[in-house]
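**Student:** I'd like to ask some things about the structure below.
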Amino acid sequence: MILQALVDYYETLLANNKVAKQGWCQAKTAFALNLNIDGSLKGILTLKEEEERGKKKIWVPSYREVPQMVARSSGVSANFLCDNSKYMLGVDAEGSGKRVQECFEAAREKHLKILEFSNGPMAMAIKGFFRTWIPEEAIKNDKLQEIWEEITDGSNLIFTMDTNEAQKDEEIRIAWQNFLDQEEECKKGICLVTGKEGEIARIHSTIKGVQGAQSSGAALVSFNAPAFESYAKEQSYNAPVGKYAAFAYTTALNYLLTQKDYKFQFGDTTVVYWAENGEEIYQDVFEWSIEPPKDNQETIKSIFQNLKEQRAIDLDGIELNVNQRFYILGLAPNAARLSVSFFYENSFGNILKNIQKHYYRMEMVRPSWEEREYLGVRGMLYETVNQNSKDKKPIPNLPGAVLKAILGNTKYPENLYNNSMIRIRAEQGRITWGRASIVKAYLIQNHHLQKGEMFVKLNEETNNTPYVLGRIFAVLESIQEEANPGINTTIRDKYFNSACANPASVFPILIKLKNSHIRKIERQTEWKKKYFEKSLTELTGKIIEFPKSLTLEEQGQFILGYYHQVQKRYEKKEEE
């Protein structure tokens, strides 16, 4: 299903001239070997472009359409017209060794074979270069010495004659197509993707751009050991995919991974997404809904409101089709391969509805300084890690599991809740808006906390024991702070975790502490003493007895009660 969706997307991209035809690909190129008509090296031209990375500007290789590049593992296999310095110049950072010589010889043989009957100026220059170039003398070449480290760092090189690039030469393009047509035939069979009979790809091209994977590319479909093979079918013959389908899906996926505006990183998972019709507006809206930017929260709110009221969603004059098929693919590195973290397909309208339901569950009273109305997925994951740590990555597999649960409107992963609770305990009851929202959403979706809308802010009507205990703890803390203005360490720092887990053993101690605090308040302000005592009387009246222990889910309810009571207190202070 994944490959089929990517093949369909490739055909959409091809119709819009965004990707190359079969036999060609997009590759990063850093330099061009500028040749004279006789094949001698005239100079080195840089093909790098300036790009903004955060607040900095750096020079990066630019993309060029070049002949389809081979999938290399450990053997020697040359590309045509575009390759690294080992193949194009016969040198690496250390000079020219035996292995590097083999690479250059493979490139020389391939270029002379393909261009054997081509006699145009560009073809003659390339043939002249390979016939006369001596790799052992390259290190002495003045033109190479100036940029030796850059040109031997593994970047791709192409050929030019001043401003004319070899891969654009019509005669050379014809020669390349003839070479493809004469290639040795592969095994034939039924393609699992297209359902048509044809040549089956023995090796699939690699996928580049997945964070953490090999920079040279990693395979999505591959078999490299007999343990993975069946019925003596070697390599990718185990999963018969036609040459066209193999080229199409790898081209489409590599295209998606080059679109920086339409991919994002969640922990170790790289996520790409696309609409079946190829229109980028759907990708924009999806990204806004998953990671609402601070300056675009109203747009998302308007989209959700229109969706709720079954009105048309119109952005910049473009009306979105809620029935448009939409795909989300999460990829994670796995040595020289890629593992699929998740793949989700649905209509665009259903995806937005599920995201809207998630935000409804996450709705929570916010501190006055909090500008965001929606906490994105990355913000959720950030709440599960130690925010003082250098490494702020969530645990592996959690990002993909969270996103999958949101998109499918299914139960949240337990690790999301558990890690949020761990952080609250580790920080002695420091409950942020994000963590309170996660706790509430998890309890509603996974444990059917009833009347979720009643727990957006302080619920004074409920008699839920864990929730009321959390409220009582917050009131006891406020009594202590009122009696000791400016106190640095409160009962939260010392007793929160134990009160949350084992109320019966802790609350009697807190009640005794409260009595001394109340006497101190009484000497200062009589009405405050009455206010606090009235509040405690009302709350303790809702509890029959302090339970010996609370389950993990009940501890979440305790946390909600505490958070809501604290926010209500701050709200009153602001009103005063």
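The values are calculated or read from the model by the stated rules, or taken from the named source; none is laboratory data. These numbers come from a predicted model, not from an experiment. Here Cβ is always computed from backbone atoms with ideal geometry, including for glycine, and neighbour counts include all displayed protein chains. Accessible surface is based on the protein model in full, side chains and every heavy atom, while ligands, DNA and RNA are left aside. Shrake-Rupley method; radii C 1.70, N 1.55, O 1.52, S 1.80 Å.
**Student:** Can you confirm whether the range 352-360 contains a residue that is surrounded by 17 or more Cβ atoms within 10 Å (Cβ to Cβ) and part of a loop (DSSP other than H, G, I, E, B)?
**Tutor:** no
**Student:** Among the residues of the range 520-537, write down those that are closer than 16 Å to F507 by Cα and acidic (D, E).
**Tutor:** E533
**Student:** Further, regarding this structure: Out of (1) closer than 29 Å to P485 by Cβ; (2) surrounded by 15 or more Cβ atoms within 10 Å (Cβ to Cβ); (3) touching a residue at least 12 places away in the same chain (Cβ under 8 Å), what's the single condition that is false for G556?
**Tutor:** (1)
**Student:** Could you count how many residues in the range 1-49 are assigned to a loop (DSSP other than H, G, I, E, B), open to solvent by less than 20 Å² (accessible area, probe 1.4 Å), more than 30 Å from E345 (Cβ to Cβ) and β-branched (V, I, T)?
**Tutor:** 0
**Student:** Scan the range 316-341 residue by residue and report those that are among the hydrophobic types (A, V, I, L, M, F, W, C) and surrounded by 15 or more Cβ atoms within 10 Å (Cβ to Cβ). If you could, list the steps in order and put the result at the bottom.
**Tutor:** Filtering the range 316-341 down to residues among the hydrophobic types (A, V, I, L, M, F, W, C) leaves 318, 320, 322, 326, 328-329, 331-332, 335-336, 338, 340.
The answer is L320, V322, F326, I328, L329, L331, A332, A336, L338.
**Student:** Are there any pairs, at least 6 apart or on different chains, whose C-beta atoms fall under 6 Å, with the first in the range 89-107 and within 21 Å of I158 (Cβ to Cβ) and the second among the aromatic types (F, W, Y) and not in a loop (DSSP other than H, G, I, E, B), and if so, which?
**Tutor:** That search, which allows pairs on different chains as well, returns G90/F104; C103/Y87; A107/Y87.
**Student:** Shifting gears a bit: Where residues in the range 388-404 are in contact with a Leu (Cβ under 8 Å, 6 or more places away or on another chain) and in a helix (DSSP H, G or I), which of them is modelled with the highest pLDDT? Can you show your working first?
**Tutor:** Of all residues in the range 388-404, those in contact with a Leu (Cβ under 8 Å, 6 or more places away or on another chain) come to 394, 398-399, 401-402.
Those left that are additionally in a helix (DSSP H, G or I): 398-399, 401-402.
Working: L398: 89, P399: 87, A401: 89, V402: 93.
Among them, the one singled out is V402.
**Student:** Could you count how many residues in the range 170-200 are touching a Ser or Thr at 6+ places or on another chain (Cβ under 6 Å) and closer than 18 Å to C25 by Cα? Give the derivation first.
**Tutor:** From the range 170-200, those touching a Ser or Thr at 6+ places or on another chain (Cβ under 6 Å) are 171, 175; that's our starting set.
Subset that is closer than 18 Å to C25 by Cα: 175.
Number satisfying all stated conditions: 1.
**Student:** Now for a separate question. Mind listing just one residue for me: the one in the range 275-292 that is within 14 Å of L320 (Cα to Cα) and hydrophobic (A, V, I, L, M, F, W, C) and, of those, farthest from the chain's Cα centre (by Cα)? So that I can check it myself, show each step before the final result.
**Tutor:** We begin by selecting, within the range 275-292, every residue within 14 Å of L320 (Cα to Cα); these are 275-286.
Filter once more, so that each one left must be hydrophobic (A, V, I, L, M, F, W, C): 275, 281, 285-286.
Numbers: A275: 17, I281: 19, V285: 16, F286: 13 Å.
The qualifying residue farthest from the chain's Cα centre (by Cα) is I281.
**Student:** Scan the range 158-174 and report the pairs whose first residue is under 15 Å from F130 (Cβ atoms) and whose second residue is charged (D, E, K, R), with Cβ atoms within less than 8 Å and a gap of 6+ or a chain change.
**Tutor:** Hits for this filter: I158/R64; I158/E165; F159/E165.
**Student:** Could I ask something else about it? Restricting attention to the range 86-100, and to residues there that are part of a helix (DSSP H, G or I) and hydrophobic (A, V, I, L, M, F, W, C), which single residue is farthest from S74 (Cα to Cα)?
**Tutor:** Taking the range 86-100 as the starting set, the residues that turn out to be part of a helix (DSSP H, G or I) are 86-88, 98-100.
Next, from what is left, pick out any that are hydrophobic (A, V, I, L, M, F, W, C): 88, 100.
Values: M88: 18, V100: 13 Å.
Across the range 86-100, the extreme among qualifying residues is M88.
**Student:** Go through the range 147-187 and give me each residue that's open to solvent by 40 Å² or more (accessible area, probe 1.4 Å) and within 13 Å of A93 (Cα to Cα).
**Tutor:** E149, E150, D153, G154 - these are the residues of the range 147-187 that are open to solvent by 40 Å² or more (accessible area, probe 1.4 Å) and within 13 Å of A93 (Cα to Cα).
**Student:** Helices (runs of 4 or more DSSP H) wholly in the range 465-545 with at least 1 residues that are closer than 17 Å to V566 by Cα, aliphatic (A, V, I, L, M) and free of Cβ contacts under 8 Å to residues at least 24 places away in the same chain - which ones?
**Tutor:** Hits in the range 465-545: 491-501.
**Student:** Which of the helices (runs of 4 or more DSSP H) found entirely inside the range 106-161 contain at least 3 residues meeting this: within 17 Å of D83 (Cα to Cα)? Walk me through it before giving the result.
**Tutor:** Values: elements: 121-132, 142-145, 148-151.
Where helices (runs of 4 or more DSSP H) fall fully within the range 106-161 and carry at least 3 residues being within 17 Å of D83 (Cα to Cα), they are 121-132, 148-151.
**Student:** Going through the range 476-494 one residue at a time, which ones are crowded, with 20+ Cβ neighbours inside 10 Å and either at pLDDT 95 or above or of a type in the set (A, V, I, L, M, F, W, C) (or both)?
**Tutor:** Passing the criteria: L476, I479, A483, I491.
**Student:** Further, regarding this structure: Mind listing just one residue for me: the one in the range 80-103 that is aliphatic (A, V, I, L, M) and within 34 Å of the chain's Cα centre (by Cα) and, of those, farthest from W133 (Cα to Cα)?
**Tutor:** The initial filter retains those residues of the range 80-103 that are aliphatic (A, V, I, L, M), namely 81, 88-89, 91, 93, 100.
Those still in the list that are within 34 Å of the chain's Cα centre (by Cα) too: 81, 93.
Values: L81: 15, A93: 18 Å.
Restricting to residues being aliphatic (A, V, I, L, M) and within 34 Å of the chain's Cα centre (by Cα), the top hit is A93.
**Student:** Are any of the residues in the range 170-183 under 26 Å from Y244 (Cβ atoms), at pLDDT below 90 and assigned to a loop (DSSP other than H, G, I, E, B)? Before you say what the answer is, go through the steps one by one.
**Tutor:** As a first pass, look at the range 170-183 and keep what is under 26 Å from Y244 (Cβ atoms): 170-183.
Among the residues that remain, those that are also at pLDDT below 90 are: 180-183.
Checking which are assigned to a loop (DSSP other than H, G, I, E, B) leaves us with 182-183.
Yes.
**Student:** Okay, next question. Have a look at A125, A201, A138 and point out the one that is at pLDDT 90 or above and surrounded by 16 or more Cβ atoms within 10 Å (Cβ to Cβ).
**Tutor:** Details: A201 fails: at pLDDT 90 or above; A138 fails: at pLDDT 90 or above.
It is A125.
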